[in-house]
1. Using a Gaussian network model of the chain whose springs link C-alpha atoms within less than 10 Å, name the residue from Thr185, Thr281, Thr63 with the highest mean-square fluctuation.
2. On a full-extension model of 0.36 nm per residue, what is the gain between Met336 and Thr181, subtracting their alpha-carbon distance, rounded to one decimal in nm?
3. Taking the alpha-carbon distance from Lys218 and a cut-off under 29 Å, which lysines remain once sequence neighbours fewer than 8 residues away in the same chain are dropped?
4. Any idea what the dipole of the chain comes to, in debye rounded to 20, about its Cα centre with Lys/Arg Cβ at +1 and Asp/Glu Cβ at -1?
5. Test of understanding: in a Gaussian network model of the chain with alpha carbons linked when under 10 Å, which of Ile309, Ile206, Ile128 would top the mean-square fluctuation ranking?
6. Summing +1 for each Lys or Arg and -1 for each Asp or Glu, what net charge is found among the other residues whose Cβ lies under 10 Å from the Cβ of Pro313?
7. For mean projected area of the Cα convex hull in nm², which listed value, (1) 29.9; (2) 23.3; (3) 31.1, comes from the coordinates shown?
8. Starting with the highest mean, order 250-262, 318-330 by the number of other Cβ atoms within 10 Å, averaged over the residues of each peptide.
Amino acid sequence: MSANPSLTAPALAAAGIARPRARVTRLPAEDSLHSERMIINMGPSHPATHGTVKFLLTLDGETIEDVDIDIGYLHRGFEKMCEAGTWQQVIPYTDRLNYVSPLINNVGYVGLVEKMLGVTPTERCQYIRVLVSEISRLTDHLTSIAAGALELGGMTPFLYAVEAREVLYPIIEELTGARLTTSYTRIGGLTGDLPDGYAGRVAAAITKVKELVVRVDKMLTKNRIFYDRMIGTGVLSQEEATSTGCAGIMLRSTGIDWDLRKHEPYLVYDRLDFDVIVGATGDNYDRYLCRLEEMDQSYRIIEQVFAQIPDGPIQIDDWRVVLPPKEAVYHSIEGMIAHFKLIIDGQQVPAGEAYYAVEGGNGEVGFYGVSQGNGRPWRVHVRAPCFYAMGAMKKLIVGGMLADIIPTFDTLNMIGGEVDR
């Protein structure tokens, strides 16, 4: 019996009020469901975008339907700053481009100025530039693999890879005086020669690096979780790679055999025996494997450098280009004037323009310079490989899953310093 007699069926009927029917909830047919796309910001305050990139994502569930990539969160201003100093004063700025492999940037920039001046560095200088470039390539690849492993949950391989990088940093510091911002090269030479016993210490460091990389290889390459997250994701075709201007690992992972060290050799790379590592499908797993194998080639190159390097000066003998020795500065009027003129006015680069490129950790690092015939650059432009890789990012992730952004972005190895310059 109802607790309230006025709400009983007879009472409602007598009052002429129809009793409300029970509400029945029916699920609509699947094809009639109304769904909305979700638009979210991923970054720049996101650990996987490293504080420098924002992805404006349009999602259908967890599927990426569209993405707008914003790379402008660092504001380094490299190219504009180059116009404010002498040709020599640009070198510290190049450290801050790809700060994971700054020595390669140093080598590329001074190569540009030397080309414009029409001078050729000494043989010993060229071998040492190759040596530091390959050590820098190792630190670059180790950093990329370490970050990629960590952001997929692999803390232990991350620690092994970073330990390997830390084995190399003291070698770099001993030679250049700095771990990261090296500024080691000079127009026409280097800041200093190899220290006594340096070859033995480098060999010992490489041996330790090899041991640590083997551990990383064993923990990642055939790991079921790592493999499933990497294989078949972030696929880039050869046509897409070439049309977007990709170079380095991004290009070679698609199967295209192109490496400036081999196909447009500079310094003494044409005297060294090494292989160009290429992939097959251009996915994240191929890019990981290419980096792993390229480290083996860098070991080979470093060994050959020490076997072939000749004795001799590390700077050209031209006080219009390189600073005179301190002895000459302190004890001769010619040395003092040459020193003063280079510091105040800079190297007098003939009017004209030139382009010089080297193979960086992520591809072709090219410097384009314009001179008006004085000691200051009128224009310096850098062809940053990460910029072109980011141009291909949309092709790699649209149609994939939200979670695939993490391994894809890591294998691109985007370095903010050279992208937003």
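What follows draws every value from the coordinates through simple rules; no lab data is involved. Source: prediction; values computed, not measured. Glycine also receives a Cβ, built like all others from the backbone with ideal geometry; neighbour counts cover every protein chain displayed.
1. Looking only at Thr185, Thr281, Thr63, the largest GNM fluctuation is found for Thr63.
2. Values: separation 155, 0.36 × 155 = 55.80 nm, distance 2.89 nm.
Gain on extension, Met336 to Thr181, equals 52.9 nm.
3. Answer for Lys218, where 29 Å is the Cα cut-off: Lys208, Lys210, listed by chain and number.
4. That gives a dipole near 1200 debye.
5. So, out of Ile309, Ile206, Ile128, the one fluctuating most is Ile309.
6. Numbers: positive: Arg124; negative: Glu123, Asp193, Asp311, Asp317.
Taking every Cβ under 10 Å from that of Pro313, the sum is -3.
7. Checking each listed value against the structure points to (3).
8. On the way: 250-262: 21.2, 318-330: 15.8.
Highest-to-lowest ranking by the protection proxy: 250-262, 318-330.
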